[in-house]
Amino acid sequence: MGSTRSKVHFVDGVTLKRDKQNEHVAEIVLDRPEALNALSTAMARRLAAVCAEVAADGSVRAVVLSASGDKAFCVGADLKERNAMTDDEILAQRPVFRAAFGGVLNLPQPVIAAVHGYALGGGCEFALSCDMIVADETAVFGLPEVTVGLVPGGGGTQLAMRKIGSGRAADLVLTGRRLTADEAAGLGLADRRVAKGEARTEALSIASRIAKNSPIAVRAAKRAMRIGGDLPLEAGLDVEENAWRTVAFSPDRREGIAAFAEKRTPDWSAPA
């Protein structure tokens with residue numbers, strides 16, 4: 001990690017940083033490289049807590065989800081840990097894992113995944129839980145759960161359909177096959193494909209650009225897209241109307257228009 005990034009804390013395989021180039025950008029790092037960032041129970045519990053902390057922080061306007069190490073973004077659940085579990089222990093682990101995936105999915109700020117190397121199973125699901133996916137040329141995506149007698153359990157079946165359509169999602173989920181970065185980009189699973197080693201830099205750049213915009217408007221727009229995306233058009237337009245009304249009478253709208261008229265940078269000082 002570059003020296004320009006400030007480490008806030010490291011616990012149980014998750015690091016939370018604040019970007020020194022833009023204080024309104026937070027970076028959540030899957031930080032268990034010795035295990036290819038495989039998701040253990042302790043790591044899942046900590047990730048849920050970190051997401052809750054970030055969600056409650058009004059100063060955070062955009063988030064990057066990245067990973068340490070050279071080989072993997074995340075290879076999914078820690079199967080070595082799970083292999084030693086009883087059925088009751090696996091069942092008890094389930095809500096912990098759901099809280100981790102839900103923590104990423106439900107962040108109110110826009111989230112950009114910076115993917116390199118293997119993003120398999122839960123790793124692919126973490127990426128799909130984000131609003132945008134930046135993948136470098138080493139990225140390999142897959143939902144191979146059916147090959148080991150499981151079903152994607154971190155949102156994979158539902159998020160893949162919403163991201164790439166039912167037929168392509170079926171191809172991915174039911175075969176368990178892997179996608180290269182180029183194929184993922186071609187299918188629309190990855191939103192930007194960059195050179196090796198550039199995913200994190202590109203994701204931070206996108207996050208910084210988002211963070212310069214009205215935080216009230218950005219959160220409202222994300223909420224409208226998330227809620228309205230699966231509704232009939234007319235109902236979706238009602239969701240958009242509510243989002244518009246949320247922003248139209250906010251301090252950010254007044255500041256944004258004043259800044260435009262005065263040809264200056266807006267000061268988004270109102271809480272999000």
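Helix-only estimate, please: 222 nm mean residue ellipticity of the chain, summing -39500 (n - 2.57) across DSSP H runs of length 4 or more and dividing by its residues, to the nearest 500. All intermediate terms of the calculation are to be shown ahead of the outcome.
On the way: 11 runs with 127 residues, N = 272.
Mean residue ellipticity, 222 nm, calculated: -14500 deg cm²/dmol.
Could you report the accessible area of Trp268 in Å², rounded to 10, computed with a 1.4 Å probe on the protein chains as they sit in the structure?
Roughly 30 Å² of Trp268 is accessible to a 1.4 Å probe.
How are the C-alpha pair distances of region 215-262 spread across 5 Å bins, as whole percents from the shortest bin up?
Using 5 Å bins, I get a P(r) of 5, 23, 25, 18, 14, 9, 5, 1, 0 for region 215-262.
Place the peptides 175-183, 131-139, 109-117, 86-94 in order of packing, highest mean first, counting for every residue the other Cβ atoms within 10 Å and averaging per peptide. All intermediate terms of the calculation are to be shown ahead of the outcome.
Working: 175-183: 16.7, 131-139: 24.1, 109-117: 27.3, 86-94: 10.8.
So the peptides 175-183, 131-139, 109-117, 86-94, ranked by packing, come out 109-117, 131-139, 175-183, 86-94.
Give me the Debye-computed log₁₀ of I(q)/I(0) at q = 0.06, 0.11, 0.13 Å⁻¹ for the chain, equal point scatterers on Cα only, no solvent, two decimals.
-0.19, -0.63, -0.86
Among bridges DSSP assigns within the chain, what percent are antiparallel (round to 5)?
40
Could you state the angle between the C-alpha long axis of helix 215-228 and the longest principal axis of the C-alpha atoms of the chain, as a value from 0 to 90 degrees rounded to the nearest 10?
With rounding to tens, the tilt is 50 degrees.
Which listed residue (Gly121, Val50, Ile210) has the Cα farthest towards the positive end of the charge dipole for the chain, taking +1 on Lys and Arg C-beta and -1 on Asp and Glu C-beta about the Cα centre?
Ile210
For Ala72, what residues show an amide H to amide H distance below 5 Å, using hydrogens built from the backbone and excluding near sequence neighbours?
Tyr118
Using a 1.4 Å probe over the heavy atoms of the protein chains, calculate the carbon and sulfur portion of the accessible area of the chain as a whole percent.
Details: 7270 of 13360 Å².
C and S atoms contribute 54 percent here.
Find the accessible area per residue for region 1-137; the probe is 1.4 Å, ligands and nucleic acids are left out, and the unit is Å².
40
Could you compute the FRET efficiency for Glu23 and Ser166, with r as their C-beta to C-beta distance and R0 at 45 Å, rounded to 0.05?
Details: r = 41 Å, r/R0 = 0.92.
Efficiency computed from Cβ-Cβ geometry: 0.65.
I'd like the orientation of helix 41-55 relative to the chain: the angle between its Cα long axis and the longest Cα principal axis, in ° from 0 to 90, rounded to 10.
Result, in degrees: 10.
Run through region 195-272 and list the trypsin sites (Lys or Arg not before Pro) located in a DSSP loop whose Cβ has at most 13 other Cβ atoms within 10 Å.
For trypsin sites (Lys or Arg not before Pro) across region 195-272 that sit outside H, G, I, E and B with at most 13 neighbouring Cβ atoms in 10 Å, the list reads Lys196, Lys263, Arg264.
Between Met225 and Asp267, take the C-beta separation as r, use R0 = 22 Å, and let me know the FRET efficiency to the nearest 0.05.
Taking R0 as 22 Å, the efficiency between Met225 and Asp267 is 0.25.
Residues with beta-carbon under 11 Å from that of Asn213, excluding Asn213: net charge, scoring Lys, Arg +1 and Asp, Glu -1?
Around Asn213, the surrounding residues sum to +3.
Could you compute the FRET efficiency for Lys80 and Asn242, with r as their C-beta to C-beta distance and R0 at 51 Å, rounded to 0.05?
Computed FRET efficiency for Lys80 and Asn242 comes out at 0.65.
How big is the dipole moment of the chain about its Cα centre under a simple scheme where the beta carbon of each Lys and Arg is +1, that of each Asp and Glu is -1, and everything else is neutral? Debye, nearest 20, please.
520
Cross-link partners among lysines for Lys212, C-alpha distance below 19 Å, same-chain residues fewer than 8 apart left out?
The reachable lysines, counting only those whose Cα sits under 19 Å from Lys212, are Lys17, Lys20, Lys222, Lys263.
Using a 1.4 Å probe and ignoring any ligands, DNA or RNA, find the accessible area of Ile227 and quote it in Å² to the nearest 10.
90
Suppose all protein chains stay in the model; what accessible area per residue would a 1.4 Å probe give for region 215-262, in Å²?
Roughly 66 Å² per residue, with all protein chains present.
Roughly what angle does helix 166-175 make with the longest principal axis of the chain, taking Cα atoms, 0 to 90 degrees, to the nearest 10?
Roughly 30 degrees between the two axes.
Which values of log₁₀ I(q)/I(0), to two decimal places, follow from the Debye formula for region 42-152 at q = 0.12 Å⁻¹ with a uniform point scatterer at every Cα?
Results for region 42-152 at q = 0.12 Å⁻¹ read -0.43.
The values are calculated or read from the model by the stated rules, or taken from the named source; none is laboratory data. What you see is a predicted model; the values in this text were computed from it and never measured. FYI the Cβ positions are ideal-geometry reconstructions off the backbone, even for glycines, and counts take in every protein chain you see. Please note that ligands, DNA and RNA were not included when accessible areas were found on the heavy atoms of the full protein model with its side chains. Shrake-Rupley method; radii C 1.70, N 1.55, O 1.52, S 1.80 Å.
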